[in-house]
Structures are given as C-alpha cells and as structure tokens.
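Have a look at the structure below before the remarks.
The values are calculated or read from the model by the stated rules, or taken from the named source; none is laboratory data. Nothing here was measured: the structure is a model prediction, and the numbers come from that model. Using ideal geometry, Cβ is built from the backbone for each residue, glycine included, and neighbour counts are taken over all protein chains shown.
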Amino acid sequence: MSNIKPIQPELHLEVLNAEQLEHIKSGTFHILETVGVHFPSARALKVFAEHGAQVDIENQIVRLSPEVIVEAMSHAPRSYSLGGRAEGTDLLLDGSCSFFGTDGCGTLTVDITTGEQRRSSKADVAMMARVADSLSSIAFYWPMVSAQDCGRLAPLHELETAFNNTTKHIQTETVMGAELARYAVRMAEVIAGSEEQLRKQPPLSSLVCTIAPLGQDAEGIEAAMVFVEAGIPVGFMAMPTMGSTAPAVPAGALVVGNAEVVSAMVLMQLVAPGAAVYHSLLTSAMDPITADYIVSTPEKYLCNAASVQLAHDWGVPSLVGSFGLDYSEPGTWALGRDSVYSALLGALVGAELSVGLGMLKATTVLLPEQIIFDDEIYHAHRLLAQGLDTDPEGLALDVISSVGPRGHYLAHRHTRDLIGERWIPQLSHPRFSLPEQPSPDIRQRARQKLDKILAEHLPEPLEQAAQAELLAILEAAQAEFGA
C-alpha cells in the first residue's frame, strides 16, 4: 500500500480577479479567431476542417471561432482519476487536493558513485523511480531523466523501467509520434489489465509541450490523438518566455500560452469527445543582457498561479511547475526561497497536479539527493496549506483544564498520543547529535536518507507475466524501428 500525502489546502489564493480573468480569456478568443495556431499535422488539419474551423492547409494555420471552442470544451471532464497499480495510488483530480510529482526529461545526472556529471541512462530512471515510490510527497512519477543509452526507443524503455520500479501513476513527456504512442498504449494496457480498465483507471498519462509562439509539435499532437482515443489522459504545457517567444509582459505571455493549450485541448475533444485533458502553462523570462532562460522570477510565479485559474475557468484540471529551478547546487538559500514561491503558490490556488521535485538547473540536471531536499520542503508546504485546526479536538480545552495553571503537559496522555504526529524537518533539525560528534552537513544528511531508501525500499514487483509482456512490446518496437 502506498503512503501518498497530498496537499489538501484550507487556505486559498487567487491572483486574478474576475475582470482580469475575463480579459485574458477574451484575449485568447481574439488570438485564436484572428491569428490562429500552427498545426503541422495533416490529420489534425482534417479534423479541424470537418468541425467548422478555418483551416489554411498551405500554411498549416488553424483559426477557431469562440463558438467552436466553447462547444468542444463543453465535453472536457472537470474531474477524473489517474490510476496506479497498488492500493492508495489512484489520484482523483477534482480540485480538492494537489498531487506532486517528479520533473522529467533531464539529460544529465551527477553520478551517485563518482560524483561526476554524465549523460543520463535507463538505470537512473529506474533508481529514481524506486526513490519516488518510497516518498509520500511523490504521488506520480515522471521519468526524471532520459534513457540516453537506449536510442530512439528511449521513451518506451523509460516506461518499462518506471512501471517495474514504482507502483505509482506514470506520466510521460517523451513518447512522441503515433507509432511510439501505440506501443505505449499497449504497455499501459498490460499494467491496467485490459482496454476497459485502462479507460477507467489509466496507469499512464501524457504531457505534450506546445511550441511558442502559437505552434504545436507535429509528433506531440500525433501521439496525443492516439492517446485520447485509447482513453489515456493528455495535458498540454505551454512554455512562453517573456521577451523572446512571448510579449515582454506577463498577461501577454499568458494569452499566448493559453491559446496554444486551448487549441490543442479543443482538437482532443474533436477527436474523442469527453477525452480527459489538463491544462499547463509555465511562463518564464529572457534575461535582457545575456538572453538566458530564467525560471526563477516573481512574475513567473504569479503567472504559474494565474494559469491554474485559467484551467479551472475552462473546466479542466491544471498542472503547474514547482521546484526544478535555475540553481545548480542543493541546499542554497536561493533554492529554498524560490521553491516556496513555485510550489506553495500552486497548491494554494488549487492546482491538481504539480511537477518538479528532484531536479536542478531548470530541470535539466539530476542530482539524486536533491529529491530529499524537495521532499522536506514539500511537507512544510503541505502543513502550511492545511492551516490551523480550531475544532474541539484541535482546541483541546479538556486537556488545558485538566493540567490547569502552572502544570505541564509532558506526562499527559494527550501529549503521548499526539506529539509523535507533529512533523519536524529532519534535514534542518537532525536528532541525536552531540557536541563532540557534530552532525554531518545537510547535503550529507540528504545523501544518507537517499542511500537508506535505495538499500531498503523495494516497490511491489510487477507480476512475471506483465514483466514479460512489457519486454515483448519493447522487442516488437525494436524490430519495427530497427533501433
């Protein structure tokens, strides 16, 4: 049984008022109807044309009227479940809580043995799946780095080893193209047990990145259409950068990103009405001096929070980015500071999904012990978002009365029963250290916890028959692609 602890906020935040929300939505309608979005997919263009969109076949531009958008989006479900393969791993996306996951698609890792930076491998995907399986902060797993030792079929190898090393829901952002997507669907059916069960509790979902400004990725869109036809949820993430791929103002960047995501969600509803989709919009900024891509700015955090309101206004769940910031070293004050803004804000505005734990340098580098730092920050946020309990049990008036003036609570049964439930951050408050035996520094403590997980935690294994079927699917893909 999995021990997932989602954030269930009693505190709530909105960064856009009703008028601001309407301005961004009307701006999105205007751009989609008059400017359009690039869809480099013959199948997508055909679907749009059949449903009344204005389609420029030569330039692959689709323009959508508000009527077409509203009608299509009326079929998108506001809530649905993502499945896992063990008790306690199903995730209901209904706005009542925020589920956090790892970030993915990094290309580099700091080797856990040598400490040297190197290209990531399938073994790294497996190792971090085991770690994610053990942490209650992690509700679903993105393969955190790419299996660069597996060539063109790396996305399928990432799924195979992820399914073998965690019981939690898997989300992929690397399965691209209709052909690979069909193999991924077959893998998901093996895990679910049947096509019918796959549709009820899908153990796999997909995230597809759009291409700013106002473009879609050809293979991403082709894969997404295959996924929604099979009943696999698909989300679209826009990543407009203020000053380069979006206007140099936050609201303008939100309009660009919103148009990209909404146009893709509309296509999914035209292909498979009622398809489970979700909305994701991560705005960043260009450094005006160096042209660097900067993800750690206050306006980015506000845009991330605003994107959740946009998603809910469209009637779909939201995924936001958290953690995974610009910095290259763990345990720094800047990383801790900005992790609060990125992760806590998303939970307070009601994002159903949030990704980013465990990565550095804008989610490009895996430092394995970073996930332990982020896990501790996550649980601090979880308690902050819950607020204070002022029910009778929370007030404990009978206990106060029984102890009375100038007594103490040390020996009271109430203390003995409940003090152990108080969460204390272990990295920042190490226990049992003596002056003559100082505690290891914080990074060493994080590494010790990681090593303990890897030594002791064994996820519930897949049945041998399922393992064999996954390998057979990989072999079939290898035969087809010659990879």
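Pairs please, first residue from the range 281-297 and without any contact (Cβ under 8 Å) to a residue 24 or more places away in the chain, second anywhere and crowded, with 17+ Cβ neighbours inside 10 Å and part of a strand (DSSP E or B), Cβ atoms under 9 Å, 6+ apart in sequence or on different chains. Cβ pairs passing all conditions: ASP287/ILE294; ASP292/MET286; THR297/MET242; THR297/SER284; THR297/ALA285.
Of the candidates SER328, SER339, the single residue that is without any contact (Cβ under 8 Å) to a residue 60 or more places away in the chain, closer than 18 Å to ILE371 by Cβ, surrounded by fewer than 22 Cβ atoms within 10 Å (Cβ to Cβ) and of a type in the set (S, T, N, Q) is SER328. Does ILE453 satisfy the condition of being modelled with pLDDT under 90, under 28 Å from LEU383 (Cβ atoms) and of a type in the set (A, V, I, L, M)? When the stated conditions are applied, ILE453 does not pass them. Take GLY106 and decide whether it is under 28 Å from ALA380 (Cβ atoms) and modelled with pLDDT under 95. Yes, satisfied. When ALA446, ALA483 are screened for being within 28 Å of ASN165 (Cβ to Cβ), at pLDDT below 90 and not hydroxyl-bearing (Ser, Thr, Tyr), only ALA483 passes.
Taking into account only those residues within the range 259-296 that are of a type in the set (S, T, N, Q) and surrounded by 24 or more Cβ atoms within 10 Å (Cβ to Cβ), which is farthest from the chain's Cα centre (by Cα)?
SER263
So that you can scan it fast, the table gives a plain yes or no per residue for (1) on the phi > 0 side of the Ramachandran plot; (2) free of Cβ contacts under 8 Å to residues at least 60 places away in the same chain; (3) surrounded by fewer than 17 Cβ atoms within 10 Å (Cβ to Cβ):
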{"site": "GLY356", "(1), (2), (3)": "yes, no, no"}
{"site": "VAL365", "(1), (2), (3)": "no, no, no"}
{"site": "ILE371", "(1), (2), (3)": "no, no, no"}
{"site": "GLU376", "(1), (2), (3)": "no, yes, no"}
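Evaluate the following for GLY84: is it touching a residue at least 40 places away in the same chain (Cβ under 8 Å), under 30 Å from LEU384 (Cα atoms), touching a strand residue (DSSP E or B) at 6+ places or on another chain (Cβ under 7 Å) and not acidic (Asp, Glu)? Considered against the rule, which asks whether it is touching a residue at least 40 places away in the same chain (Cβ under 8 Å), under 30 Å from LEU384 (Cα atoms), touching a strand residue (DSSP E or B) at 6+ places or on another chain (Cβ under 7 Å) and not acidic (Asp, Glu), GLY84 comes out as yes.
Filtered by the rule that a residue be of a type in the set (S, T, N, Q) and within 28 Å of PRO273 (Cβ to Cβ), the range 9-61 gives SER26, THR28, THR34, SER41, GLN54, ASN59, GLN60.
Which of the residues spanning the range 113-141 are acidic (Asp, Glu) and touching a helix residue (DSSP H, G or I) at 6+ places or on another chain (Cβ under 9 Å)?
ASP133
All of GLU369, GLU352, GLU376 fail the test of being closer than 24 Å to GLN309 by Cα and either acidic (Asp, Glu) or in contact with a Phe, Trp or Tyr (Cβ under 7 Å, 6 or more places away or on another chain) (or both), apart from GLU352.
All conditions but one from (1) surrounded by 13 or more Cβ atoms within 10 Å (Cβ to Cβ); (2) of a type outside the set (A, V, I, L, M); (3) within 30 Å of the chain's Cα centre (by Cα); (4) not in a loop (DSSP other than H, G, I, E, B) apply to HIS414; the one that does not is (3). Selection of first residues in the range 402-420 that are within 20 Å of PRO392 (Cα to Cα) and of second residues that are assigned to a loop (DSSP other than H, G, I, E, B) and of a type in the set (Gly, Ala, Ser), restricted to Cβ pairs under 8 Å at least 6 apart or on distinct chains, gives the following pairs, ordered by first then second residue: HIS414/ALA396. Inside the range 265-284, residues that are in contact with a Gly (Cβ under 6 Å, 6 or more places away or on another chain) and not small (Gly, Ala, Ser) make up a count of 3.
Taken as a whole, the condition of being closer than 30 Å to LEU344 by Cα and either out of contact with any Pro (no Cβ under 6 Å at 6 or more places or on another chain) or exposed (fewer than 12 other Cβ atoms within 10 Å of the Cβ) (or both) applies to ALA380. Being in contact (Cβ under 8 Å) with a residue 24 or more places away in the chain and under 21 Å from the mean Cα position of the chain (by Cα) is the requirement here; does PRO213 meet it? No: the conditions fail for PRO213. Applying the criterion of being more than 19 Å from TYR378 (Cβ to Cβ) and modelled with pLDDT of 80 or more to the residues of the range 417-434, the residue that is farthest from the chain's Cα centre (by Cα) is ASP417.
Would you check which residues across the range 244-301 are modelled with pLDDT of 90 or more, hydroxyl-bearing (Ser, Thr, Tyr), in a loop (DSSP other than H, G, I, E, B) and in contact with a helix residue (DSSP H, G or I) (Cβ under 8 Å, 6 or more places away or on another chain) and list them? Within the range 244-301, THR245, THR283 meet the criteria.
Among the residues of the range 142-159, those identified as surrounded by 18 or more Cβ atoms within 10 Å (Cβ to Cβ), out of contact with any Cys (no Cβ under 7 Å at 6 or more places or on another chain) and part of a helix (DSSP H, G or I) are LEU153, ALA154, PRO155, LEU156, GLU158, LEU159.
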